[in-house]
1. Could you please let me know if Gly336 is without any contact (Cβ under 8 Å) to a residue 24 or more places away in the chain and farther than 21 Å from Gly234 by Cα?
2. Which one is nearest to the ligand (Cβ to nearest atom), of the residues in segment 161-218 that are in a helix (DSSP H, G or I), over 20 Å from Ala259 (Cα atoms) and in contact with an Asp or Glu (Cβ under 9 Å, 6 or more places away or on another chain)?
3. What's the total number of residues in segment 29-78 that are closer than 19 Å to Val120 by Cβ, in contact (Cβ under 8 Å) with a residue 40 or more places away in the chain and surrounded by fewer than 16 Cβ atoms within 10 Å (Cβ to Cβ)?
4. Does at least one position in segment 253-260 carry a residue that is crowded, with 18+ Cβ neighbours inside 10 Å, within 16 Å of the ligand (Cβ to nearest atom) and outside any loop (DSSP other than H, G, I, E, B)?
5. Give me the pairs, please: first residue somewhere in segment 476-493 and in a helix (DSSP H, G or I), second residue anywhere and of a type in the set (Ser, Thr, Tyr), beta-carbon distance under 7 Å, and either six or more positions apart or on two chains.
6. Could you please give the count of residues in segment 212-221 that are closer than 11 Å to Thr343 by Cα and either free of Cβ contacts under 8 Å to residues at least 24 places away in the same chain or among the β-branched types (Val, Ile, Thr) (or both)?
7. Does Lys187 satisfy the condition of being surrounded by fewer than 19 Cβ atoms within 10 Å (Cβ to Cβ) and either under 20 Å from Gln445 (Cβ atoms) or modelled with pLDDT of 95 or more (or both)?
8. Could you tell me which of the residues Ala98, Ala86 is under 28 Å from the mean Cα position of the chain (by Cα) and on the phi < 0 side of the Ramachandran plot?
Amino acid sequence: MTDEKINMTALEAFDFILFGGSGDLAMRKLLPALYYRCRDAADLEGWRIIGISRQNLTTEEYRELALQHCRRHVAQRDFSETAWAAFARRLEYLRLDASQPQDYQRLAEKFQPSHTGVRVFYLATSPGLFAGICTRLGAAGLVTPASRVVLEKPLGCDLASAHGINQQVGKVFAERQIFRIDHYLGKETVQNLMALRFGNVLFEPLWNRAWVRDVQITIAETVGVEGRGEFYDGTGALRDMVQSHLLQLLCIVAMEPPANIEADTTRDEKLKVLRALKPIAGEDASAHIVRGQYRAGAIAGQPVPGYLDEPGIPPQSHTETFVALKAELGNWRWAGVPFYLRTGKRMQERLAEIVVNFRRVPHPLLRANAEQAPNNRLVISLQPNECLRLDLMAKVPGESMDTQPISLDVALSEAYHTRQWDAYERLIMDVIHGKLTLFTRRDEQEAAWQWIEPILHSWKRGNQPLKSYPAGTWGPTASSALIARDGHAWREES
Ligand code: BG6
């Protein structure tokens, strides 16, 4: 029996009610993740997945739609007709208009009044629907003590809207029942970062301003807006990526070791990091941030259109598809260490990584000029390959004492010879088990919005010009200048 099967035997029965059930996220990520978990389960008794949307579909048609997408998004070697048949038997469909209170009665009819099992309401919908759906679920008597609600990001579009949604949802669900999802926290390498920091004695003594020179966190994508033009244009890279994924990664790099990995202990430490972020407001915005938008260019030799020519994008749009910024933490451990964050669509490579640059050796024993000596560097790569790399100096063979960087590389998937779970598989299972550690708490999320808010205001006042960059590059040249002003360079430039 595999480890996965051992994990799954302990799993109790559950109902997984998926709002936005025929949408892009459900089809591309959530149903494939559920397929994998079902495939590896020892016993599917009592599992039920109810897809919900406004589309007029029968359960058979919904299963067919899910099949088409799972074939595309599940690795071929992992797909089997037998596993699919077992999964499909668990899948139902319900047509429901989330804005119509009377429709929720039909959902209520699917449950016995005495039913006390785990009930997951997963809202893969626009955040504008979150509060209404929760209120109507409550009014229809569907929320039991064993119910949980999962809220997809972005939760709101600013502090006020996030606060409003949290207030409304909080009237129906207790905080322990609310799972605000950020799928980056479910990625194996992000968990490994915690293991690396807190499971080894080597790094923690160096993990501070005395030894770390700068930290770079990059999430670069080669894709454009992928048919999500309308959503993306109203959101932009700052809200879509920085407010959530990048700030969460920063928290995990920068937080103090929690006393244990209980949900609140870990989330308390992340909250302290968010509160220590120095505000970037007014004039500071143009000195600390670069905003960009891609124009036509080429990805892997193939021409691609500019952002303004993508479907659903207004011709005069000022939405940013790229952000690079310098963040600083006002606390004892990190004062003076720049954290450079960068994300963009249509960049040269698909890459997500955290780079920790350590300081140079203090004494030029092995080089005439210590200023030119490369520094030690730890690269935690999340994508495209999950790996850890530590750059060390070693002597070049031969007579001289010249040194050169060499890398200690660990490819995580190869180290264990097992398929890595997708982030959504882990997070969905954590929801079912009621484990909140990898989900953001209300105060944490509002603190992230609070830091973003002055930047949004400054942009609204037109303080920050939008720089253009050709698709297939590393973003506007101003992004290199931002970091060069401190005498540093992005990893791919150094
Ligand atoms: C999502 C964003 O949260 O993350 C998308 O809304 C982005 O715009 C995606 O493409 C990136 O996730 P991943 O796991 O593919 O890096």
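The values are calculated or read from the model by the stated rules, or taken from the named source; none is laboratory data. Being a predicted model, the structure only gives us computed values, none of them experimental. Don't worry about glycine lacking a Cβ; one is built from the backbone with ideal geometry, like all the others, and counts go over all protein chains shown.
1. No: the conditions fail for Gly336.
2. Among them, the one singled out is His183.
3. Final tally of qualifying residues: 1.
4. No, segment 253-260 contains no residue that is crowded, with 18+ Cβ neighbours inside 10 Å, within 16 Å of the ligand (Cβ to nearest atom) and outside any loop (DSSP other than H, G, I, E, B).
5. Ile483/Tyr340; Glu493/Ser480
6. Looking only at that region, the number is 3.
7. No; evaluated as a whole, the condition is false for this residue.
8. It is Ala98.
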